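Taking it in order: structure first as structure tokens, then the write-up.
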Ligand code: DAH
């Protein structure tokens, strides 16, 4: 193409360009390395020496001119494309909102995690035992002898003469002491099963067992740890009170109360006017249990406790029926969104 043809055709062709594809074709035809302008540049070798300078300048002017035309057109095409996109993307603000609901942790999971956090901070490790246990681990080696009432058919779900659904997480103590030497510091979370059902009982519920075995462990260690636990879960002002109790696997055994976190101990409906709420059981591991696990009870002593997770959740959140924790009613569970 001669310079003249380029000048006239270029303009005419560009006038017909309407979209990015046509514009790209135009660029290839005129401005690319193999395009018409470049071909003109190449033609310089056939131009007589004395005309080369003028020829070169003329081609450069053409190149600048075509480039300017191209740039202006590009702006126009881009703007048109953008407006078309805006048109296509118009949002109808009157449409109902689509929302995806984010889930949240179940309150029992939250309580379980909170408890684990407190005790992990004191160096406890987690151990999980089986839900199907045998008589030996669930009862006998925990010093719950054959005629103990907790073995009663009305409490325990027996599977065979020897196998049962564990009635507490305490068998975890035996399993840990069978495999580890003192010092031992473990938490055993898990589901437990008892044939019992009313507002504050369910046939399946969750417990968290604690066990520490070392030299010179006393009830003071137990109370110190549980003080930290109630402060973290209920309130900075919460205190514990130990009352004498009885469990076959601990001697002495205690029932642990927390000072009422609702009234601060003055007496209210939650604490039934006493200022104290019972939260868990514990004690000093019975020597017989240590010996059943071949741990020298003249050298070592242990503390143990068992926390009912549903009970803690019900107290902390003011839930009046345990069933609510298992119904999976979304409206109920939503309230526990962190
Ligand atoms: N296993 C007991 C229960 O299910 C709770 C318990 C009491 C656990 C005292 C303990 C303990 O480790 O020392 O009721």
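Just so you know, all these numbers are worked out from the coordinates, no wet-lab data involved. If you're wondering where the values come from, they're calculated on a predicted model, not measured in any experiment. All Cβ positions, glycine included, derive from the backbone under ideal geometry; neighbour counts span all protein chains shown.
The table that follows gives values for the structure above.
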item	result
Most mobile of 213, 59, 254 in a GNM of the chain (Cα contacts under 10 Å)	59
Rg/Rh (Cα only; Kirkwood hydrodynamic radius) as it applies to region 1-151	1.68
Cα centroid of region 1-49 to Cα centroid of region 234-260, whole Å	93
For 126, 312, 330, 174, order by how many other beta-carbon atoms lie within 10 Å, fewest first	330, 126, 174, 312
Top of 52, 272, 191 by mean-square fluctuation, Gaussian network on the chain, Cα under 10 Å	52
P(r), alpha carbons of region 196-298 - 10 Å bins starting at zero, rounded %	14, 37, 34, 13, 2
Stokes-Einstein D for region 3-88, Kirkwood Rh over Cα pairs, 20 °C, 1.002 mPa s (µm²/s)	152
P(r) tail fraction, region 42-127 - alpha-carbon pairs more than 18 Å apart, %	77
Cα coordinate range in region 123-273, projected on the principal axes (Å, largest first)	50, 41, 25
Calculated on alpha-carbon atoms, Rg and Dmax of the chain in Å	40.6, 124
Cα centroid separation - region 276-338 against region 82-140, whole Å	21
Highest-MSF residue in the chain out of 100, 64, 167 [GNM, Cα springs under 10 Å]	64
Residue order, fewest to most beta carbons within 10 Å, for 161, 125, 310	161, 125, 310
